Amino acid sequence: MISKYLVIILIAVSVIFLAGCSNDQTNNFETAFSGKIEHIHGMGYAGETGGLYFATHGGLKMFRDSEWYETTRNYNDYMGFNAVDEGFYTSGHPGGDSDIPNPFGIQRSFDGGRTLEHVKFEGETDYHAMALGYNSHDVFLFNPEVNSELERGFYKSVDEGENWEQADANGLDGEVLHLALHPSDSNFVAAATSTGIFLSENGGEEFKVLTDSNQSGTAVYFYEDDLYYATYDRHPTLIKREIKNSDSTTVSLPELKEAGILYIAINPNNEDELAIYTTTQDAYLTDTGREGQWKNILNEGKVK
């Protein structure tokens, strides 16, 4: 007969073994990274503890706890990347180690990119202009060509891609470079276009311009009830606008020379940590307040 003490020892060993397997699986998917990153198509804090994710032409790169990591598989070309509270949604094209049909359509991952789950339009459409509600997971996108369900144009879904309603987007002008959706109230949609920054308060039916005619819009991002938007007119500008009362303040930036801001993100666990990524492949963080000092974590694509 096996003694109860031996049973306890065997259980303890099994728990340690299983924990070790779990850690091995986690560690095997991510490894330290010290190289150069090119062709970044999105940036955001994916999940509550996932760190700052960079969606690239050849997989995911992550900046977490002051260290850089990359994945050891799933070398996909991530486009239309959007971080959400549980992970991320994305479009794009499969890498050489993926069996997902090309193009992606809309996929999502709630396990840090280890697995991708089909949402909609797999094998049909590659979405570059796509926005997700960080908490709601509602979708607002521009459909570039006719597919099995949608005509060309702007569409929204409030049930994570199951059903779609066309948005008129009246007043929206110029080539759309970036879209953003409020974290929980999908009445608020923002767009950065070649002619400026636009805001809708009725789910994308109508947009009003927020910028002067000589400013090009380069990035939009919602954090709680604030809209952050970047423009470029001989030099970059970053504005924080309170969407309920329209009060605006200019955010102090690092020395960017002639670089425009492409992506903006705020750490949900530390709202003083603001991240930006620029046209010169530079990324900056500030964790001393938005008027404080900036830390360069990516210099012309080279990690620091």
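So what is the relative contact order for the stretch 86-180, in percent, with contacts set as C-alpha pairs under 8 Å and at least six apart?
This gives 20 percent for the stretch 86-180.
Starting from the Cα of Glu224, move 7 Å in the Cα-to-Cβ direction to define the label point; list residues of the stretch 120-134 whose amide nitrogen is under 16 Å from there.
134
Starting with the highest mean, order 75-81, 55-61 by the number of other Cβ atoms within 10 Å, averaged over the residues of each peptide.
Peptide ranking by packing, descending: 75-81, 55-61.
Would you give the gap between the C-alpha center of the stretch 147-219 and the C-alpha center of the stretch 96-123, rounded to a whole Å?
For the stretch 147-219 versus the stretch 96-123, the Cα centre distance is 24 Å.
Taking square-rooted eigenvalues a ≥ b ≥ c of the alpha carbon gyration tensor, is the stretch 80-136 rounded, prolate or oblate, where a/c under 1.5 means rounded and, failing that, a/b exceeding b/c means prolate?
Since a/c reaches 1.5 but b/c is at least a/b, the shape of the stretch 80-136 is classed as oblate.
If you count only protein heavy atoms with a 1.4 Å probe, what accessible area per residue comes out for the stretch 103-154, rounded to a whole Å²?
Per-residue accessible area for the stretch 103-154 comes out at 39 Å².
Between 0 and 90 degrees, rounded to the nearest ten: what's the tilt of helix 4-29 against the longest Cα principal axis of the chain?
30 degrees
What FRET efficiency comes out for Asp99 versus Asp212 if R0 is 35 angstrom and r is the Cβ-Cβ distance? Round to the nearest 0.05.
Calculated transfer efficiency: 0.10.
Just to be sure I understand the model, the point goes 7 Å from the Cα along the line to the Cβ. What's the resulting Arg234 to Asn28 distance in nm?
The answer from the label model is 5.8 nm.
State whether the stretch 126-226 is rounded, prolate or oblate according to the following rule on the C-alpha gyration tensor (a ≥ b ≥ c being the square roots of its eigenvalues): a/c under 1.5 gives rounded; otherwise a/b larger than b/c gives prolate, and the remaining case gives oblate.
Oblate is the answer for the stretch 126-226, as a/c is 1.5 or above yet b/c matches or exceeds a/b.
Beta carbons within 10 angstrom, averaged per residue: use that to sort the peptides 172-179, 238-245, highest first.
By packing density, highest mean first, the sequence is 172-179, 238-245.
Which lysines, on any chain, are close to Lys244 with Cα under 21 Å apart, when same-chain ones fewer than 8 places away are left out?
Within the straight-line cut-off, Lys244 pairs with Lys208.
Using the per-residue mean of other Cβ atoms lying within 10 Å as a proxy for protection, in what order, highest first, do the peptides 227-233, 188-194, 91-97 fall?
Answer by packing, highest mean first, reads 188-194, 227-233, 91-97.
Can you tell me which lysines have their Cα less than 19 Å from the Cα of Lys295? Leave out same-chain residues fewer than eight positions away.
Filter leaves Lys36, Lys61, Lys257, Lys304.
The values are calculated or read from the model by the stated rules, or taken from the named source; none is laboratory data. Just so it is clear, the structure is predicted and the values come from calculations on it, not from any experiment. Every residue, glycine among them, receives a Cβ derived from its backbone with ideal geometry; neighbour counts consider all protein chains shown. Areas reflect the complete protein model, heavy atoms only, side chains present, ligands, DNA and RNA absent. Shrake-Rupley method; radii C 1.70, N 1.55, O 1.52, S 1.80 Å.
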